[in-house]
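The values are calculated or read from the model by the stated rules, or taken from the named source; none is laboratory data. Predicted, not measured: the structure shown is a model, and the values here were computed from it. Positions of Cβ are generated from backbone atoms using ideal geometry, with glycine treated the same way; all protein chains shown enter the neighbour counts. Side chains included, ligands, DNA and RNA excluded: accessible areas come from the protein's heavy atoms. Shrake-Rupley method; radii C 1.70, N 1.55, O 1.52, S 1.80 Å.
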Amino acid sequence: PMRVGLHLSTSRGLKKTAQTAVFTGCQAVQIFSGNPMGWKPSHPDPKEVEAFRSTLLYHDISPVYVHMPYLVNLAAPNPDVWDKSRGALSAALDLSETLGAGYVVTHLGSHVGTGLEAGVGRVVEALSAALESPTGPTLLLENSPGSRNELGSYIEEIGDILGRLDAVRTRLGVCLDTAHLWGAGYDLSSPEGVEGTLALFSRLVGLERLHGIHANDSAVARGSRWDLHVNPGEGQIGTEGF
């Protein structure tokens, strides 16, 4: 069965985050691995970690998702940015194990004009190295709206990348952002549109690889290659789609 939750801040500590999840009725929860606009990884106090894990366990709030910072670019041609991105991925995977989180969510990044094939190659290399161990959290690749040479805006691209990572497929999945799908041109404004999009995903990726949905509406036009999140039902996708 589907479980619904929120992305919550950890600025007041993990214990408070868990309490907020309980108070707001979360069945699942997502947090950032650190400052979303920075590189510094989070090193939470062990007592905070214990309070976080025990509170969520007691109230059956699961799964827990750890979202990577926005600066991460696993397709970056700049060696410094690419190395920092790989380090951030490793740190997020370690943090997830510490927190008992089942999933890490990452954007793929941008090839910055160097071409799709070059960018995909760098992503595949980074993910292969990060997931060498057969055990650990599942890494979810999040689709993008496709602005600024971002990878993964089309379902075909995600399927291609996953196909090249077959050796580590047991630790890989997908998180679909509805606003990003809309920005990339997929029609989610009606039941027929949603069914068509999921049928394509099922054929090219597999619904068994879908482990999370970021349920965001969009304030911009379909196919704009951009995204501006608004609450579900309050944007261009609308209530019927959701």
Open item on the list: Rounded to whole Å, give me the distance from the Cα center of the range 84-117 to that of the range 55-76.
Closed with: 11
Task: 3J(HN,Hα) from dihedral phi, the range 231-236, Karplus parametrisation 6.51/-1.76/1.60, rounded to Hz, x for glycine, proline - done: 5, x, x, 9, x, 6
- [ ] Would you mind calculating the gained length between Gln19 and Tyr70 on full extension (0.36 nm times residue separation, minus the Cα-Cα distance), in nm to one decimal?
- [x] 15.8 nm
Open item on the list: Please list, in order along the range 2-14, the HN-Hα scalar couplings obtained from phi with the Karplus expression 6.51 cos²θ - 1.76 cosθ + 1.60 (θ = phi - 60°), rounded to whole Hz, x for Gly and Pro.
Closed with: 5, 10, 10, x, 10, 8, 10, 6, 10, 5, 9, x, 5
TODO: Looking at the range 109-242, send over the antiparallel percent of its DSSP beta bridges, to the nearest 5.
DONE: 25
Open item on the list: With a 1.4 Å probe and all protein chains left in place, how much accessible area per residue does the range 114-162 have, in Å²?
Closed with: 37
Open item on the list: Taking only Cα atoms of the range 88-242, what ratio of Rg to Rh do you get with Rh as the Kirkwood inverse-distance radius?
Closed with: 0.97
Task: Net charge, Leu99 excluded, C-beta distance under 13 Å - Lys, Arg +1, Asp, Glu -1 - done: -3
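Considering only protein heavy atoms, what per residue accessible area in square angstrom results for the range 55-113 with a 1.4 angstrom probe?
41
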Task: Separation in nanometres of the label points that stand 7 Å from Cα toward Cβ, at Ser62 and Arg164 - done: 3.5
Open item on the list: With a 1.4 Å probe and all protein chains left in place, how much accessible area per residue does the range 171-242 have, in Å²?
Closed with: 47
Open item on the list: Using a 1.4 angstrom probe on the protein heavy atoms only, could you order His107, His214 from most to least accessible area?
Closed with: His107, His214
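Can you compute the charge dipole magnitude of the range 59-132 about its Cα centre, using +1 on each Lys and Arg Cβ and -1 on each Asp and Glu Cβ, nothing else charged? Give it in debye, rounded to the nearest 20.
On the way: 3 positive and 8 negative charges, 39 e Å.
Around 180 debye, computed over the range 59-132.
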TODO: Under 21 Å between C-alpha atoms is the cut-off here; go through the chain and count lysine pairs that meet it, provided they're at least eight residues apart or on different chains.
DONE: 4
Open item on the list: Just to confirm a number: summing +1 for Lys and Arg and -1 for Asp and Glu over residues other than Val112 whose beta-carbon lies under 14 angstrom from that of Val112, what do you get?
Closed with: -1
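GluC sites (Glu not before Pro), restricted to the range 93-137: which are DSSP loop and have at most 13 other Cβ atoms within 10 Å? Intermediate values should be presented prior to the final figure.
On the way: sites: Glu97, Glu117, Glu125, Glu132; in loops: Glu132.
The qualifying sites are Glu132.
What is the antiparallel percent of DSSP beta bridges lying wholly in the chain, to the nearest 5?
15
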TODO: Quick one: pull the percent of accessible area on the chain belonging to carbon and sulfur, 1.4 Å probe, ligands and nucleic acids left out.
DONE: 54
